[in-house]
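The structure appears below as structure tokens.
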Amino acid sequence: MKIPELLAPAGNYENAYFALKYGADAIYQGLEGFSLRRTAKAELSVEELRSCAELAHSLGKKHYLAVNMFAHEGDILQLKAKSHMLKAIKTDAFILSDPGMFLVLKEQVPEVEFHLSTQANTLNSSAVSFWEKQGISRVILARELTKEDIVSIRKNTTIGIEMFIHGAMCMSYSGRCHLSKYFLGRDANRGECAQPCRWEFKMKDERQNMKDESFIEIEEDERGTYILNSKDLCLVEKIPELIEIGVDSFKIEGRNKTSYYVANVVRVYRKVIDEVLKGKLSEDTLSWAKQELTKVSHRDYSTGFYDGEKGSFNLESSGYIKDVKMVGIASSDGTNIEIDVRDKISVGDEITIIMPNNGVDQTIVIDSMINSKTLEIIGDAHNGYKVAIPKKIAPFDKLIVRKSSI
Ligand code: SF4
């Protein structure tokens, strides 16, 4: 049985740290100005990318760099000017979709591998073989594939295949969409998407007075209708068969997400994958996994196109479910828990330290709290505070703390 890679998004250094700590085999990040998350501060400078790649390599893990925008002439010129700096990052692979950028990087940084972005919408084995002949070592499949498609692609190709197993979906072919450009002049294919597909639309059909039976009936409530809104992808139950099929890399979407999101989703899939590889994925683990995945910000889940459904639209709402939030990063010396606070905590709150490596989560009630800077006893702590909570607990370093917000 092939051991798959678990690949996590890392929009910044903190997310990279926690993705790796909670069990990712590899991380991917975007290069400033060249990836598909340009407006959301989820792109990093060359210097930041170098630190993250060093961190991954120091742990024996891999680092991939997304440069997957569709480039215009000016972008190619900028890439050429920057390419000497890209060598310094020492990334393991570039993730790209534009043939022009591929050509430039192949010439300038030939020692690095090339992975074809999902943005290139690869849907069949012939396309995979085409890209293999061009020098691509791994293809990230389009999300619009069924299980049968993936089985067939695996049987008929030999290079690496990677697929998304968790996270947000586009309602159009993996980002090849003009909604954002049309409404706001922000081009999704150059990393500037404003996600208008999640807006609340009201549709008016000019011909509604005509008696044409073929008209599509549009249902809506007083808030409008969400005909373009997609559910989030969740393939946790499919992991055993995906490992059996021989997918090389399982990718989690979310370079804009919080470190808590990345850590928790990673540790869930880590545990499921490890149990499958040991030949014993238990019902208990699967139900724990499904439960944990509801404890991160998400829209309703679906299996997308995997089961042959016609996509995964959510016509009811585009809202995110956020019942649990990250409140800080904690360390313990055995007698005190020090927390770098990110969201309000108060005496009396029940908080949970989430554990990597199959550890048992530690839930505690805050009986008292000391401001580490002023040494005052306090009742509430807010974002930016550092606090100490007297509590005898096995020592640990830098773990994420969360709290139920309901
Ligand atoms: S508007 Fe929606 S469907 Fe279009 S690229 Fe952006 S997120 Fe994807």
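Just so it is clear, none of the values below were taken in a lab; they were calculated from the coordinates. The model shown is predicted, which means the values in this text are computed figures rather than measured ones. No Cβ is skipped: glycine too gets one built from the backbone with ideal geometry, and neighbour counts run over all protein chains shown.
Positive end of the dipole of the range 324-404 (Cβ unit charges, origin at the Cα centre): among 368, 388, 353, the Cα lying farthest that way belongs to 353.
Output the 0 to 90 degree angle, nearest 10, between the alpha-carbon long axis of helix 125-134 and the longest principal axis computed from the alpha carbons of the chain. The answer is roughly 80 degrees.
The modelled label-to-label distance for the pair residue 81/residue 59, using points 7 Å beyond Cα in the direction of Cβ, is 3.5 nm. The lysine pair count for the range 324-404, using Cα distances under 13 Å and pairs eight or more places apart or on different chains, is 5. Compared with the dominant Cα axis of the chain, that is its longest principal axis, helix 46-58 is turned about 70°.
Considering only 105, 230, 179, and ranking their Cα positions along the charge dipole of the chain that arises from unit charges at the beta-carbon of Lys, Arg, Asp and Glu, the one farthest toward the positive end is 105. A simple charge model with +1 on the Cβ of Lys and Arg, -1 on the Cβ of Asp and Glu and nothing else charged puts the dipole of the chain at about 840 debye relative to its Cα centre. Structure note, pairs 231/295; 181/295; 62/257; 82/106: Cα-Cα distances above 24 angstrom occur for 181/295.
Axis angle, to the nearest 10 degrees, between helix 99-108 and the longest C-alpha principal axis of the chain: 60 degrees. Using the Cβ-Cβ distance between residue 88 and residue 12 with R0 set to 22 Å, the FRET efficiency from 1/(1 + (r/R0)^6) comes to roughly 0.70.
Extension gain for the segment residue 374 to residue 280, taken as residue separation times 0.36 nm less the Cα-Cα distance, is 28.8 nm to one decimal. With loop membership from DSSP and a limit of 13 other Cβ atoms within 10 Å, the longest segment of the chain without trypsin sites (Lys or Arg not before Pro) is 42-201. If the segment from residue 32 to residue 129 were pulled out straight at 0.36 nm per residue, it would be longer than the present Cα-Cα gap by 31.9 nm. A simple spin-label model places pseudo-atoms 7 Å from Cα toward Cβ; at residue 331 and residue 146 they are separated by 5.3 nm. Taking the range 383-406 and a reference point 7 angstrom along Cα→Cβ of residue 364, the backbone N atoms nearer than 18 Å belong to 385-404.
Label sites at residue 195 and residue 137, each approximated as a point 7 angstrom past Cα along Cα to Cβ, lie 3.3 nm apart.
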